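As structure tokens, the structure follows; a few thoughts come after it.
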Amino acid sequence: MMILRRRFCLKEKYNNYFSGSREIPSNGFLTWLLGFTEGDGSFVVCNRNDLQFLITQGSDDVQVLHMICDTLGFGKVTSKLNKVNEPLGLLYKTKED
């Protein structure tokens, strides 16, 4: 079996997404986001093989989700109730957004 490895270049993908009109976030922010995502984030494959990126926070910390959206330049912040009816903030990004 042959395994092909492709290199992922965030700078190239980000520039293509924004047509070069937006600066890529700093390495410090991206390093922080990586750790934050490992703790509170997930990638979810939905019914039609759509991929979603989710980060959840309690409603008291929803401002951090807005900061992430503002810094990245994409995503949506919404809210829902968890299993014990406490409000949660959700940041999500899908292919269509």
First in region 1-27 and at positive phi and modelled with pLDDT under 85, second anywhere and among the β-branched types (V, I, T) and assigned to a loop (DSSP other than H, G, I, E, B), Cβ under 8 Å, 6 or more apart: none
When residues of region 47-66 are limited to those that are without any contact (Cβ under 8 Å) to a residue 24 or more places away in the chain and surrounded by fewer than 13 Cβ atoms within 10 Å (Cβ to Cβ), the one nearest to C9 (Cα to Cα): N49
Count of region 9-29 residues which are part of a helix (DSSP H, G or I) and surrounded by 10 or more Cβ atoms within 10 Å (Cβ to Cβ): 8
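The values are calculated or read from the model by the stated rules, or taken from the named source; none is laboratory data. These numbers were taken from a predicted model, which means no experiment stands behind them. Counting neighbours? That spans all protein chains shown, and the Cβs are built from the backbone with ideal geometry, glycine included.
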